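Written out below as structure tokens is the structure these notes cover.
The values are calculated or read from the model by the stated rules, or taken from the named source; none is laboratory data. Just so you know, these numbers come straight off a predicted model, no measurement behind them. FYI the Cβ positions are ideal-geometry reconstructions off the backbone, even for glycines, and counts take in every protein chain you see.
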Amino acid sequence: MSLIEKVKNLFGFTAAEQHASVEPIIDLPKGDDSDPVTPKSVPAGPPPAALQRERIIRFIVSKLRAYQNEPETAPIGLRLGILRASPEEEELYRVALWENQPGKFQRELNRQLADNYITLPPNWQFNYSFFSDELPDSTYLEGNLGLTVLDKSKPNNASLRASISALVGQMEQASYLLDPAQKTVYCIGRGHTTQTASGRVRTNDIVILNEDDPGFDPQKGAGNGAVSRSHATIRYEAEQQRYVLLVDAGGLPANGNKTKIMHPDEQVERADIANLVYPLQDGDQIELGGEVMLLFKLA
């Protein structure tokens, strides 16, 4: 810088250097180009349980049209079989059948049958059962529904016989037949007889062999000792037309024992409450003492 320029700067004769101001670049928010969220529509029409209820009633009414204006030959009972794919589907059908309101579905079915000129006897019976493998022999089949018609020529319990066989453990017989026409209560226990706490002698109908019983095989019956002499009872309930399991004193945890029911859908039910009935399904496996396994089958 020359001497003259220095003097000019000293006395302020030179303008300060101007700097171009740069405006900051501000990013403006971009508009939201995403699609607006549309609320999901709720399916119209009746709920699923109501649809299944209507389907069941329509199925039964259509199969009984042969009895229109024929009250003398009308059925004395109807048995509905339902093949369900999952526990959730079974629960749906239970709601559809108003299970928590006993008699309501039968009254509604009776009303709709009457509307179609089908008159059943005053004390006609209705019951239903669930199956997971296949439906039993039925009078009529449609999809996953089966209907057995009971008339005066057919005993009311003709097709409700069942059997018990051993999958693990050794029984006195290879298989026991349960026939409501013969008896409705079957005691299960180790050995033939035992004396209960009250002093009464109990006779077992389904005998798990004791080690000193004739024919006992130490290999087959290795776990038989875990079964109580008064372990459980199978009872047939005529009104509901079903078999149930009751755990006797010897099969309860309070006496150091245990009883389980393994259903075909892989659900396991602990039967550990005295006097409580546990409904049995076709194909159930009953575990006694954690060692012996029995198979329940409808005949």
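Every condition in (1) among the small types (Gly, Ala, Ser); (2) buried (at least 17 other Cβ atoms within 10 Å of the Cβ); (3) touching a helix residue (DSSP H, G or I) at 6+ places or on another chain (Cβ under 8 Å) is met by Gly283 except one, and the failing one is (3). Taken over the stretch 68-98, residues that are touching a strand residue (DSSP E or B) at 6+ places or on another chain (Cβ under 7 Å) and of a type outside the set (Val, Ile, Thr) amount to 11.
Of the residues in the stretch 168-189, at least one is farther than 15 Å from Gly215 by Cβ, part of a loop (DSSP other than H, G, I, E, B), acidic (Asp, Glu) and at pLDDT below 95.
Candidates are the residues of the stretch 255-280 that are among the hydrophobic types (A, V, I, L, M, F, W, C) and exposed (fewer than 15 other Cβ atoms within 10 Å of the Cβ); the one that is nearest to the chain's Cα centre (by Cα) is Val268.
Any residue that is at pLDDT 95 or above, assigned to a helix (DSSP H, G or I) and either closer than 25 Å to Glu237 by Cβ or in the same structural domain as Pro264 (by TED's automatic domain parsing) (or both) - is there at least one of those in the stretch 60-77? Checked the stretch 60-77: at least one residue is at pLDDT 95 or above, assigned to a helix (DSSP H, G or I) and either closer than 25 Å to Glu237 by Cβ or in the same structural domain as Pro264 (by TED's automatic domain parsing) (or both). The lone criterion from (1) over 16 Å from the mean Cα position of the chain (by Cα); (2) assigned to a loop (DSSP other than H, G, I, E, B) left unmet by Gly283 is number (1). Scoring Ala174 on the criteria (1) outside the structural domain of Asn204 (by TED's automatic domain parsing); (2) exposed (fewer than 15 other Cβ atoms within 10 Å of the Cβ); (3) over 25 Å from the mean Cα position of the chain (by Cα); (4) not polar (S, T, N, Q) leaves a single failure, condition (1). Given the condition in a helix (DSSP H, G or I) and surrounded by 17 or more Cβ atoms within 10 Å (Cβ to Cβ), answer yes or no: does some residue in the stretch 113-124 qualify? Looking for residues that are in a helix (DSSP H, G or I) and surrounded by 17 or more Cβ atoms within 10 Å (Cβ to Cβ), one finds at least one in the stretch 113-124, hence yes. Applying the set (1) of a type outside the set (D, E, K, R); (2) part of a loop (DSSP other than H, G, I, E, B); (3) surrounded by 17 or more Cβ atoms within 10 Å (Cβ to Cβ) to Gly199 leaves exactly one unmet item: (3).
For Ser132, indicate whether it is in contact (Cβ under 8 Å) with a residue 12 or more places away in the chain, touching a strand residue (DSSP E or B) at 6+ places or on another chain (Cβ under 8 Å) and surrounded by fewer than 17 Cβ atoms within 10 Å (Cβ to Cβ). Spelling it out, it is not the case that Ser132 is in contact (Cβ under 8 Å) with a residue 12 or more places away in the chain, touching a strand residue (DSSP E or B) at 6+ places or on another chain (Cβ under 8 Å) and surrounded by fewer than 17 Cβ atoms within 10 Å (Cβ to Cβ). The one condition from (1) in contact (Cβ under 8 Å) with a residue 60 or more places away in the chain; (2) out of contact with any Asp or Glu (no Cβ under 6 Å at 6 or more places or on another chain); (3) within 21 Å of Leu280 (Cβ to Cβ) that Ser138 does not meet is (1). Taking the criterion of being within 12 Å of Leu288 (Cα to Cα) and of a type in the set (D, E, K, R), the residues of the stretch 232-259 that qualify are Asp248, Lys258.
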